[in-house]
Structures are given as C-alpha cells and as structure tokens.
Amino acid sequence: MTPKILAVDTTSEFGSLALIAGCEVVAETLIHSPEGFGGVLFDRLRLLFEQRQWRLGEIDCFAALAGPGSFTGVRIGLAAVKGLAEAQGKPAVGVSNLQALAACGNRPLRATLLDARRGEVYAALYDSGLRLLGKERVLKLPAWLESLPEGDIELISTHFAPFQVALAGTRFARWPVVEAPRSLAAPAGIIAARLYAEGRVQDPAALDANYVRRSDAELFWREAGD
C-alpha cells in the first residue's frame, strides 16, 4: 500500500501544505500569511483534504519543516504536526529547511542558504543524496563561502538577489544558482516519505525545532543570568 504523508511548512510568511503519496506530490496548497498561521492553518488543511477526498486517518506519517526560520512560525508548524500525529497514533518527521532546499537542486554538491538577518546566513552543504556534509551553520556569507570546497557546487536559496553582491568578483560568481520555491512543504514531504520508507521516523513528542541559533529571548535570558 502506498504510504501517505502530510507535510506542513509555516516557517516563513510563505507557508504551504502538501499531500504526498509514495514519493509523488499529490497536492500542494500555498498559504501567504504575513500575520501568522494560527488562525488559518487548520481551515486550509481541512479544505485541502476535502478537495482531494483524503481523510486524516489515512495519513501514515506527518512532517513539519523544523527550521531554521521564523521562531514563531517554526513552533506553530511543529505543534500542529505533533498534535495531529499524536491524535492519530502515527509517527512524525522534522525536516530541516536547508535540507528541503537541497532537494530542489541537481548538482553533486548543493550549498543551501537562507537569510538569517544581522548580516548572516543559515547555511549548509549537502550531497546529491541529501546527506549533510559538516554542520548547518549561521555565520557571515563571505566566511561560509570561503569554507566551501572545490567541486561541482550549486547555490540554492528561496531568494538569491540579496546575496549576489557578495559573490561579485569572486570565484563563486560563476557557480550555478537555483531559486527554490519559498514554500517548502512539497520537497520536505518527499524527504519525509523516504525517511518513512526507511523506518527513520520519530515519536511526535520527540520532534524539536531546528533553530541553528537560539532565539533572541533565549540569548537575552542567558546573558542576564551570566
């Protein structure tokens, strides 16, 4: 029987929901919600299931984009997936946004990055099997670029224009660039389907956010206590 996956992305204002059967995207709903997803997520989820005539009880595994991204958005998506999976007695998967970006590439080495603000990027290097090479990091873009190896590498982001200036006049300016969809539920759902087939799933309660760095609130309280 073909496994069915529900994937949820609320990690930026450009959210999405995706239904996956096997490793094929059956349906995807894009949700642009600059004010947050708390008031719209479940209504859009209900409509998606009605349109495709799927039932929640048919879902074999629930997936959430776990970050890095908006701290509030990450928490909303994880909480929704945890609640749905626990209610149905089904496993869950948390997928890194940087790994989901890597799924949108084509080259042997895939350098993924997202704007982390403060002049920094969230960044990672993956191979074509979507295996993480090293660690996901948050640092200045030039420093990360200089840490990358030689090879057939492509740069992948949801919005690459802000990074172009840093590449001008460098060896990286000739590297191919891929602009991935801003809404990442579909690639994350396909990753989750593969993990489910391999038995690499989690108890929903074990899902955790992938912030890469701590939130401003956490940093403040730690500094206040030092």
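Observations
- Boolean, residue 49 is under 17 Å from residue 122 (Cβ atoms) and of a type outside the set (Ser, Thr, Tyr): no
- Pick from segment 98-119, criterion in contact (Cβ under 8 Å) with a residue 24 or more places away in the chain and not hydrophobic (A, V, I, L, M, F, W, C), ranking: most open to solvent (accessible area, probe 1.4 Å): 106
- Some residue of segment 122-129 being open to solvent by 60 Å² or more (accessible area, probe 1.4 Å), touching a strand residue (DSSP E or B) at 6+ places or on another chain (Cβ under 8 Å), among the hydroxyl-bearing types (Ser, Thr, Tyr) and more than 20 Å from residue 11 (Cα to Cα): yes
- Odd one out for residue 146 among (1) acidic (Asp, Glu); (2) more than 25 Å from residue 9 (Cβ to Cβ); (3) not in a helix (DSSP H, G or I): (3)
- Here the condition is being open to solvent by less than 50 Å² (accessible area, probe 1.4 Å) and either at pLDDT below 95 or within 20 Å of residue 156 (Cβ to Cβ) (or both); of 95, 25, it holds for 95 alone.
- Residues of segment 48-72 that are closer than 17 Å to residue 136 by Cβ and outside any strand (DSSP E or B): 68, 69, 70, 71.
- A count restricted to segment 48-61 and to residues that are closer than 21 Å to residue 86 by Cα and open to solvent by 30 Å² or more (accessible area, probe 1.4 Å) stands at 6.
- Reported count of residues in segment 102-129, each being within 25 Å of residue 186 (Cβ to Cβ) and in contact with a Lys or Arg (Cβ under 8 Å, 6 or more places away or on another chain), is 10.
- Applying a threshold of 7 Å to beta carbon distances and a minimum spacing of six or more residues, or different chains, the list of pairs starting in segment 191-211 at a residue that is touching a residue at least 40 places away in the same chain (Cβ under 8 Å) and ending at one that is basic (Lys, Arg) and surrounded by 15 or more Cβ atoms within 10 Å (Cβ to Cβ) reads 204/82; 205/82; 207/82; 209/75.
- Pairing each residue of segment 29-57 that is on the phi < 0 side of the Ramachandran plot and modelled with pLDDT under 95 with any residue that is open to solvent by less than 70 Å² (accessible area, probe 1.4 Å) and in a helix (DSSP H, G or I), provided the two are 6+ apart or on different chains, yields C-beta distances under 8 Å for 38/76.
The values are calculated or read from the model by the stated rules, or taken from the named source; none is laboratory data. Just so it is clear, the structure is predicted and the values come from calculations on it, not from any experiment. Here the Cβ is made from the backbone with ideal geometry for all residues, glycine too, and neighbour counts use every protein chain on show. Areas reflect the complete protein model, heavy atoms only, side chains present, ligands, DNA and RNA absent. Shrake-Rupley method; radii C 1.70, N 1.55, O 1.52, S 1.80 Å.
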